[in-house]
Structures are given as structure tokens and as C-alpha cells.
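S.K.: The structure's right below; bear with me while I get my questions together.
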Amino acid sequence: MKRFIIPSLIVIVLLAVGCTSTPDAEQDAAPVESRSGADGGGRIATVTAGGVDSRGLPPELTDSRSILSKRSIYFDYDRFDIKPEYRDLVAAHAKFLTENRQFRMLIQGNTDERGSREYNLALGQKRADAVKKQLVLLGAREEQVESVSLGEEKPKNPGQDEAAWAENRRGDLLYSGEF
Amino acid sequence: MNSLIPVEFRNYLSLQPLGAPEGYNSSFFSGNLPPMFRPLLSLRGLGLIASSVVAFLCLSPARAELTFEFSGAGANQIPIAIADFGGDFGSARAVTSVVRGDLERSGVFRLTDVSGLSLTEATNPAFEEWKNLGADALAAGSVRPGGGRLEARFQLYDIARQTALGGEALTTSPNMLRAAGHRIADFIYEKLTGERGVFSTRIAYVVKGGATRYELHIADADGQNAQAALISREPIISPVWSPDGSRLAYVSFEDKKPIIYVHSLVNGRRVVVANFKGSNSAPAWSPDGSKLAVTLSKDGGSQIYLINADGSGAQRLSTGSSINTEASFAPDGQTLYFTSDRGGSPQIYSTRLDSGEVRRMTFEGSYNVSPRVSPDGRTMAFITRSEGAFRLAAMDLASRQIQVLSDSEKDESPSFAPNNRMILIATEIGGRGVLSAVSVDGRFKQRLSIPAGDVREPAWGPYRR
């Protein structure tokens, strides 16, 4: 085996502002920025992306004593059905959406890290769709709820064992202002 | 810094009658070559290669180190000597080193150590002496100032036959010397193998620099000249090059859900191609660059659609309620390969756009995903799971024979070099993402890693025009 160490040039044009990824975290607004560069050829223009505005939420959605502050539903390996222990949680959110039609919800489905990123995106979608279906059955309106997938891209636990993977097979519920 | 200086190519044969005669057949080398490297054409019109090529400049750079390692070897490597080029010492050394590095990393050549032996294209080599060093082929050249620029000239020789195989003169500049070296290596590779070289191509990949820092990089095929095309706090996955190499389609999570963008590399202009309700992912360009196959969940479940490259005219292709995703076009523009769980486990299927007929492609094992067809349409690369490990495999589409090409644990996201010869994948070593290029016969591997970062989602770009 031969080995080359080659100095390389890596461009860092703009530093992204750090932020957390928890659903209720405040995030700095950082609109997408384009740097139009040279004409022709191989010159690459750098674009910076990310960040959304956030708005306040009613206390019942964030107060840790309220069931509505619980926003994650966990799934078994290769399963997409909502386990009995999460029925009350889903029902509470369905009730909130029914009583607060101005609110919208984004359900983000997630998977563990094993396997293809794109196939995992499809598996996460199945989990998010399962939660959405239950919410709509219980009174939420179809147009209030969007189900999307983050696949394996946003693990809650970066570990590489079953305990970590179990934390990552989940659906996260975000309300208007949190996404 | 902003001005781009094209590297111009002239047919060196027209300048000096040193070159091989038209129709020269380099069959001498074919005896040493595995069948896949059979020379296709003896001496192609150099005018074909003479199209001007624009290499690119570095932007205000921070320094990082890319480490390139390789292991294994192609069968029957061609022994070649690259003499130290003459002329301006620093420029010549830079070009010589790029040519040597490219040829050696390709796995096709075995470099004879001739450092310290200088030879320009203007001198007839003493063939017997070079032969004694064990080389079958020899390249000599020079880099000299001329007209405010630099001129790189070289000549390639068949040592046994004691004849010239051809050469070129390229106009270059101090910050384009690497590009000139890649062009010379491409010339040598094509002349001796009969296939186009990929040393002047580019790759795209994603670097995860932290929980909230993702960068989409474009680099030369040897990992040099990395530049960020996109910096985001949220993940970026599935970059794919447009057939003309000017744009990348990819999936960005910057708006808290997967959305497909098409990004022009020259000016950074981005177009949202698919931002429907639900998830938008897995873009794949049609061979003519006019359309993309994408996966959308807007109508429930993950289904494959065809959409125009400007985001208009989404048309559903897959039916049923199973997962259908990871579409990849065959070069005929009519056949799509994709992943589906319709049979109970994820397997690869193909379909025809005209008839809609669907065929199952994989049967062995319970997890076969991420199909990618070679540019010549002969091979399908994919990821297969066996004994808990995710490995790169290749299927010969004519015989349906499958060969597992790696022994690693977490291979992902294959893409072919434009000459069909290598497959670029993401894999993991010591918990860190690295890129690996594996020859289609599995004999030869290159690994590209960035010490501080987690690298994933590679895509090998097309030939540069």
C-alpha cells in the first residue's frame, strides 16, 4: 500500500451560525445566500443555506407537565405501526389540532443509520405517514398535517448500538413556528 | 483570480513529424492488458481531444489535507517511465508529479522509478537504456514560458518498438499546471489502454463538519482543488451531476424537510425542482439532461415521478402502495432501475418508460438497494447486505452475474467514473466516512479521506467538455 499526503485547498467562504436541532429551539435567521462568481469554466460559487424564523407557542405545547410537550413516537426495527403506549400521546395531539384549526403540524419520520440513505428516507416516510393517518382518523384535517422524512440524517443519538438506534427510529411532531 | 485561462490543445503531431503515423496500432500493449483494456482505436484524431478545456481556480483557500491511498493492482500493469520534464524547473516538476500520481493511482500502470532522469520531447530517447530500466512506455516533455504563458509539450514512446506514439503541446499558466498534468495523463492513458482517461474529471461529495455544518464540495478526481458549492446547517444528500457537468441536483434539508434543488456550479444559482407536500428525494438525470426521475411522497408513500429539469410537469411512473425510490436511468433514456419493497424486502427492479413493463433484477439476499448503471449500460452497481454488512456489488446486465466488490461494512451511494472503469462509493473506516473508488473487477481500490471530516455521498462527474 502506498500513501500520499497531498495538501489541499478547501474553501470556507462563510461560517454557518451554529444552532441546535431540537424542534422548539430558537434559530437564527440565515437566509440562503448566493455568491455569483466568475463566468465560465470550473469556478464554483459558494451558497450558504439554513435557518428559519421561530415564533412563540402556547404553553400547553411546551410545558413539560403537558402531554403535548412530548413530541416523539418511537418505532420497533423495520416496523411502522404505532405502539399502544403512544396512543394517548397521538390522541392528545389530534385533539389539539382539532380544537386549534389554525395550527399546522410537520411530522418528521426518522430511521436508524443502517442501510441506504435514500431507502431510509422512504422508510422514515412510512413512519411519518402512519402518525399522520392516525391523527387524521382522530379528527385532524388532512391539510393541517404534513408528513415528511429525514431518513437517517438527524439521529437523536449518534451511537452505533441497538440502544442508540432505538432512539433514532422515531417520528417527531413539530408545530407551526417550529419548522 | 477571476479570469479563467483555458488550457488549449494543439495537435502536436502537426508541429513536428515525430509522432506515430496515422493508423499506428498500439497492439504491442494489448498483450499485457486485461481484455477490458483492449485498445479500441489505434490513433484517434487528436483533434477530438483538442477541444479547449477549462480547468478551474482555487478560491481564497484554507488549507486542509486530503489523503489518497490505494491498494491492490489491476492485472498486468503496464510498466511506464515518466522522465523528469525539462524547461522551467518548478513548473516542469509540478506537471511531472501530477502525471506520475495520476497514472500510478489508476492501478493500470506501474511506474518505473526514473526520478532524476530528465528528458524533453525534443530529444530522441536512448531506447536501450530506458528498456533496461524495465519500462515498456516512456513519456518525456517540457514546460517553458512562451507568449506570457506556459507551454507544456510532451511525447509518448513505445520503447520496444522504438517509436513515438504521439504528443501534444498545451498552453497553460502557473495556476493551471495541475490541469495540464491531468490532460497529459489522460492522453497517455488513452493511447496505451484504448479507453479515455478520467484524470480531468471532477467529483462531488458532502463533508459533515459537525452537527450543524454540511458542505457540498466539488474537487478534481484526485481530490485536489476542493471547493464548496453549498454550505448548510442541515444535511445534503444524493448529489447527481447533470450530463453536461454544469449542474448538480441534490436533496437539501435546509427547510426541515427534503427538497430537490438543481444548482448551477458556475454562478451558484439554485432552482427548486421539487418541493411538494411531503418528501422530495432521490433525483436522477435523464441522459439528455431535460428531465429528472425523483421520489415524491405527495400522493402518499414514496413513489417515482418524472419531472422536467425546471420543476414542471411532474408525472407519476410507479404504481401501487409499496416503496419505490432510488431511480437511475440507463443510457438509453428508456430504462429505469429502482429500489422497491413490493416483494417484501428491498430489491432492485427495472422498468421501461415506453411499455411500463417491470422486471425484478435482484433475488439473492434480503436487501439490495441503490442501483446505478454504468455509462455504457453494461454494468449495474448496487449495495447488497450480507451477514449484516453493506457491500458494493456489480451485476453484469447481459449475464446477470453478480460480483461483490468490497469486504467493508458500510458501503453506500455508488457512482461510475465516466469511462465505466471505477465505481466511487462512500464507506466507513474507524467510524469516519471516507470515499473509496473500486475498479469494476474489484482488484483495485483507492481511498480518499479528509482527516478532520466525515465524507459521504460521492458522485463522479462526467467528462469535461
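S.K.: Considering each residue of the stretch B:264-277, count those that are buried (at least 22 other Cβ atoms within 10 Å of the Cβ) and facing chain A (nearest Cβ under 10 Å), and give that number.
M.R.: So the answer is 1.
S.K.: Taking the options A:GLN125, A:GLN134, name whichever one is closer than 30 Å to A:LYS95 by Cβ, touching a Gly at 6+ places or on another chain (Cβ under 8 Å) and either more than 8 Å from chain B (Cβ to nearest Cβ) or surrounded by 21 or more Cβ atoms within 10 Å (Cβ to Cβ) (or both). Explain how you work it out, then say what you get.
M.R.: Values: A:GLN134 fails: touching a Gly at 6+ places or on another chain (Cβ under 8 Å).
Answer to the selection: A:GLN125.
S.K.: Hey, another quick one. Could we say that B:ARG196 is in contact (Cβ under 8 Å) with a residue 24 or more places away in the chain and out of contact with any strand residue (DSSP E or B) (no Cβ under 7 Å at 6 or more places or on another chain) here? Don't jump to the end; show me each part of the working.
M.R.: Details: in contact (Cβ under 8 Å) with a residue 24 or more places away in the chain: yes; out of contact with any strand residue (DSSP E or B) (no Cβ under 7 Å at 6 or more places or on another chain): yes.
Considered against the rule, which asks whether it is in contact (Cβ under 8 Å) with a residue 24 or more places away in the chain and out of contact with any strand residue (DSSP E or B) (no Cβ under 7 Å at 6 or more places or on another chain), B:ARG196 comes out as yes.
S.K.: Looking at B:ALA330, B:ALA309, can you tell me which residue is more than 20 Å from B:LYS277 (Cα to Cα) and in contact with a Ser or Thr (Cβ under 9 Å, 6 or more places away or on another chain)?
M.R.: Numbers: B:ALA309 fails: more than 20 Å from B:LYS277 (Cα to Cα).
None of the other options fit; the residue is B:ALA330.
S.K.: Evaluate the stretch B:351-373: report whether one residue or more is buried (at least 22 other Cβ atoms within 10 Å of the Cβ), closer than 24 Å to B:GLU428 by Cα and away from every other protein chain (no Cβ under 12 Å).
M.R.: Yes, because at least one residue in the stretch B:351-373 is buried (at least 22 other Cβ atoms within 10 Å of the Cβ), closer than 24 Å to B:GLU428 by Cα and away from every other protein chain (no Cβ under 12 Å).
S.K.: Let me ask you something else. For residues that are small (Gly, Ala, Ser) and buried (at least 24 other Cβ atoms within 10 Å of the Cβ), tally how many sit in the stretch B:187-199.
M.R.: Narrowing the stretch B:187-199 to residues small (Gly, Ala, Ser): B:194, B:197.
Filter once more, so that each one left must be buried (at least 24 other Cβ atoms within 10 Å of the Cβ): B:197.
Residues flagged as small (Gly, Ala, Ser) and buried (at least 24 other Cβ atoms within 10 Å of the Cβ) within the stretch B:187-199 amount to 1.
S.K.: I'm trying to understand the selection: among the residues of the stretch B:244-256, which are more than 10 Å from chain A (Cβ to nearest Cβ) and either surrounded by fewer than 20 Cβ atoms within 10 Å (Cβ to Cβ) or among the polar types (S, T, N, Q) (or both)?
M.R.: Once the filter is applied, which keeps residues that are more than 10 Å from chain A (Cβ to nearest Cβ) and either surrounded by fewer than 20 Cβ atoms within 10 Å (Cβ to Cβ) or among the polar types (S, T, N, Q) (or both), the stretch B:244-256 yields B:ASP244, B:SER246.
S.K.: Continuing with this model, one more query. Pairs, please: C-beta under 6 Å, at least 6 apart or cross-chain, first residue closer than 20 Å to B:ALA228 by Cα and assigned by TED's automatic domain parsing to the domain that holds B:THR339 and in the stretch B:259-283, second hydrophobic (A, V, I, L, M, F, W, C) and not in a strand (DSSP E or B)?
M.R.: B:LEU265/A:ILE44; B:ASN267/A:ALA45; B:GLY268/A:ALA45
S.K.: Determine the pairs where a residue that is within 14 Å of B:ALA226 (Cα to Cα), located within the stretch B:442-456, has a partner that is at pLDDT 80 or above and part of a loop (DSSP other than H, G, I, E, B) with Cβ atoms under 6 Å apart, the partner being 6 or more residues away or on another chain.
M.R.: Cβ pairs passing all conditions: B:LEU448/B:GLY223.
S.K.: Does B:GLY223 satisfy being touching a residue at least 12 places away in the same chain (Cβ under 8 Å) and facing chain A (nearest Cβ under 10 Å)? So that I can check it myself, show each step before the final result.
M.R.: Details: touching a residue at least 12 places away in the same chain (Cβ under 8 Å): yes; facing chain A (nearest Cβ under 10 Å): yes.
Judged against the criteria, B:GLY223 is a match.
Matching residues to (1) surrounded by fewer than 18 Cβ atoms within 10 Å (Cβ to Cβ); (2) at pLDDT 60 or above:
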residue: A:ILE6; (1), (2): yes, no
residue: A:VAL11; (1), (2): no, no
residue: A:VAL47; (1), (2): no, yes
residue: A:ALA92; (1), (2): yes, yes
residue: A:THR98; (1), (2): yes, yes
residue: A:ASP112; (1), (2): no, yes
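S.K.: To continue, here is another question. Checking B:ARG183 against (1) surrounded by 24 or more Cβ atoms within 10 Å (Cβ to Cβ); (2) in contact with a Lys or Arg (Cβ under 6 Å, 6 or more places away or on another chain); (3) not assigned by TED's automatic domain parsing to the domain that holds B:ARG447, which single condition isn't satisfied?
M.R.: So the condition that B:ARG183 fails would be (2).
S.K.: Inside the stretch B:278-330, can you point out the residues that are within 14 Å of chain A (Cβ to nearest Cβ), surrounded by fewer than 21 Cβ atoms within 10 Å (Cβ to Cβ) and on the phi < 0 side of the Ramachandran plot?
M.R.: B:LYS298, B:ASP299, B:SER321, B:SER322
S.K.: May I ask you to list pairs of residues, at least six apart or on different chains, whose Cβ atoms are under 6 Å apart, with the first in the stretch B:338-350 being within 17 Å of A:GLN125 (Cβ to Cβ) and the second being charged (D, E, K, R)?
M.R.: Within 6 Å, the pairs are B:PHE338/B:GLU326; B:THR339/B:GLU326.
S.K.: Would it be correct to say that B:ILE423 is in a strand (DSSP E or B), within 23 Å of B:TYR189 (Cα to Cα) and touching a Pro at 6+ places or on another chain (Cβ under 6 Å)?
M.R.: When the stated conditions are applied, B:ILE423 passes them.
S.K.: Answer yes or no: is there a residue in the stretch A:119-133 that is assigned to a helix (DSSP H, G or I), in contact with a helix residue (DSSP H, G or I) (Cβ under 7 Å, 6 or more places away or on another chain) and either assigned by TED's automatic domain parsing to the domain that holds A:ARG169 or at pLDDT 95 or above (or both). Don't jump to the end; show me each part of the working.
M.R.: Applying the first criterion (assigned to a helix (DSSP H, G or I)) to the stretch A:119-133 yields A:119-133.
When the remaining residues are screened for being in contact with a helix residue (DSSP H, G or I) (Cβ under 7 Å, 6 or more places away or on another chain), the result is A:131.
Narrowing further to those that are either assigned by TED's automatic domain parsing to the domain that holds A:ARG169 or at pLDDT 95 or above (or both): A:131.
Yes, that holds for at least one residue.
S.K.: Pick from B:ILE259, B:ILE218: which is closer than 21 Å to A:ARG43 by Cα and within 10 Å of another protein chain (Cβ to nearest Cβ)? Steps first, answer last, please.
M.R.: Working: B:ILE259 fails: closer than 21 Å to A:ARG43 by Cα.
Going through B:ILE259, B:ILE218 in turn, just one is closer than 21 Å to A:ARG43 by Cα and within 10 Å of another protein chain (Cβ to nearest Cβ): B:ILE218.
S.K.: Here's a follow-up. Could you list all residues from the stretch B:388-431 that are surrounded by fewer than 22 Cβ atoms within 10 Å (Cβ to Cβ) and of a type in the set (S, T, N, Q)?
M.R.: B:SER399, B:GLN401, B:GLN403, B:SER406, B:SER408, B:ASN419, B:ASN420
S.K.: For B:ILE307, work out the one condition from (1) under 19 Å from B:TYR214 (Cβ atoms); (2) without any contact (Cβ under 8 Å) to a residue 60 or more places away in the chain it doesn't fulfil.
M.R.: B:ILE307 satisfies every listed condition except (1).
S.K.: Something else about it: Restricting to the stretch B:331-350, what's the tally of residues that are within 24 Å of the chain's Cα centre (by Cα) and surrounded by fewer than 20 Cβ atoms within 10 Å (Cβ to Cβ)?
M.R.: Number of matching residues: 5.
S.K.: Something else now. Select, from B:ILE188, B:ILE184, B:ILE231, the only residue that is of a type in the set (Val, Ile, Thr), at the interface with another protein chain (Cβ under 10 Å from one of its Cβ atoms) and either in contact with a helix residue (DSSP H, G or I) (Cβ under 7 Å, 6 or more places away or on another chain) or free of Cβ contacts under 8 Å to residues at least 60 places away in the same chain (or both). Spell out the reasoning first.
M.R.: On the way: B:ILE188 fails: at the interface with another protein chain (Cβ under 10 Å from one of its Cβ atoms); B:ILE184 fails: at the interface with another protein chain (Cβ under 10 Å from one of its Cβ atoms).
Criteria check complete, one pass: B:ILE231.
Residue-by-condition table, conditions (1) assigned to a loop (DSSP other than H, G, I, E, B); (2) modelled with pLDDT of 90 or more:
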site: B:GLY90; (1), (2): no, yes
site: B:ALA94; (1), (2): no, yes
site: B:SER97; (1), (2): no, yes
site: B:LEU103; (1), (2): no, yes
site: B:GLY107; (1), (2): yes, no
site: B:VAL114; (1), (2): yes, no
site: B:ALA122; (1), (2): yes, yes
site: B:PRO125; (1), (2): yes, yes
site: B:GLU129; (1), (2): no, yes
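The values are calculated or read from the model by the stated rules, or taken from the named source; none is laboratory data. Because the structure is a prediction, the values reported are computed rather than measured. Positions of Cβ are generated from backbone atoms using ideal geometry, with glycine treated the same way; all protein chains shown enter the neighbour counts.
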